[in-house]
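Step one of this worksheet: look at the structure below.
Just so it is clear, none of the values below were taken in a lab; they were calculated from the coordinates. Just so it is clear, the model here is predicted, and its values are computed rather than measured. In this analysis, Cβ positions are derived from the backbone assuming ideal geometry, glycine residues included, and neighbour counts consider all displayed protein chains.
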Amino acid sequence: MKKQLVLMLKVLGVPAVLVVLALFCLIVVYAYPKAVAEYWGSDPPVFNVLSDDDPSWNKEKNIKLIAEYKRLTESWKEGLTPDEQAQAEPHAMSWAVLAGIDRLLGDPLSHGGTDYKPDPQKHYQALAPRFKWKESEVIAVEKDEEGKEKETRTRVRLLVEADTFEGTYTYEYEWKTYKEGGKTIIREVVANVIPDINYARFKTYLAQQGVTNSFDQEMVLEFAELYDENFAVDSSVFNARVAGFQVDLGKSVFTGSKGEKMLLPVGESPVTSPYGMRKDPFTGKQRFHTGVDFGVPAGTPVRSAYNGKVIYSSSTPIWGNLVIIDHGNGLTTWYAHLQARKCNTGGEIAQGDVIGFVGSTGRSTGPHLHFEVRQNGKPVNPFK
């Protein structure tokens, strides 16, 4: 091979070789992806094929398969009222998760066969969201023309638990009284959402299909992010895949004293997005926010909330520069979207030590610190 390369350089000359290499790079970087995009159109190819040259998979089959994914992942709405759909919608599964599973399990490159074996119905039955409801009522009080109070009661169902492929979300409610359009409304409203994001159903199902390696399991979600941009956005502000696949939060490594009172990592800074349900800044949909966002300028020092040990310090596409510190007894704190990290995995940290600087890395709308507190892997309100 070395002799052949030397001969090519002698015959063609260095400039000609550079031109050939440039053309090759143009084909790989631009022409091939452009050909793929033009062929498949708006529906991305589920499997790694380019054209109808492969009779076992083509554009028509791809379109039908994606339509089936979307039909299945919309079926959770059946039998629910519009109000119930609005409550459950944040926990709907993206069609791209099914596509990611089929890419891993159904592609001949994976299973060693010669044909494509998508099975969306089987995947969805195993991973479809399941909802639990409770009966409640909305009381509306208004005065008639004579000034007498008239009370109207409407029966409603409230979501109390969403069991999803990511984990379980438990809803807590409290009674509220407020004015609306000249009426006094008395009803239960969401007081708290308790997430338990562990990907247990997802991991168990893939393990049953023979996929037990954590890296391969997470690859399914990476495929899904390629297929559906909204899924990639949602995972950045809603999920904790690092906890689900890359860090063992069930085992504390810090054995010292964490300290008594929590230190706010950027002091008494304004909270631009609180813990709990909120409107997703990317999609506009209601999503659960697992931490709090502090609106502070880029470059602001970020300090450790307690004494502890760094169990994760790395850069990720979603969280940007991320630091996770273990404080013992199952307690961890998370610091995301940092401009830069000033600590390494395995290092001991004292309360108040600078562990990084505020930034806007990863999926972020601007400079801020995303701060989380987790107990045994479950996000909790940092201010409670």
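Figures for the structure shown
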{"quantity": "Near-label residues of the range 288-319 by backbone N, under 17 Å of a point 7 Å along Cα→Cβ of residue 360", "calculated": "293-301, 318-319"}
{"quantity": "Cross-link pairs 261/342; 150/176; 77/384; 70/132; 203/378 - those with Cα-Cα distance over 27 Å", "calculated": "77/384"}
{"quantity": "Dipole in debye (nearest 20) - the range 308-381, about Cα centre, beta carbon charges: Lys, Arg +1; Asp, Glu -1", "calculated": "160 debye"}
{"quantity": "Dimensionless Rg ratio for the range 267-384, taking C-alpha atoms and the 2.2 N^0.38 Å reference", "calculated": "0.99"}
{"quantity": "³J(HN,Hα) computed for each position of the range 195-201 - Karplus, 6.51 cos²θ - 1.76 cosθ + 1.60, integer Hz, glycine/proline x", "calculated": "x, 10, 8, 10, 6, 4, 5"}
{"quantity": "Pairwise FRET efficiency - residue 133 versus residue 376, Cβ, R0 = 25 Å, nearest 0.05", "calculated": "0.40"}
{"quantity": "Sequence ranges 309-315, 369-375, 181-187, ranked by mean other-Cβ count within 10 angstrom, highest first", "calculated": "369-375, 309-315, 181-187"}
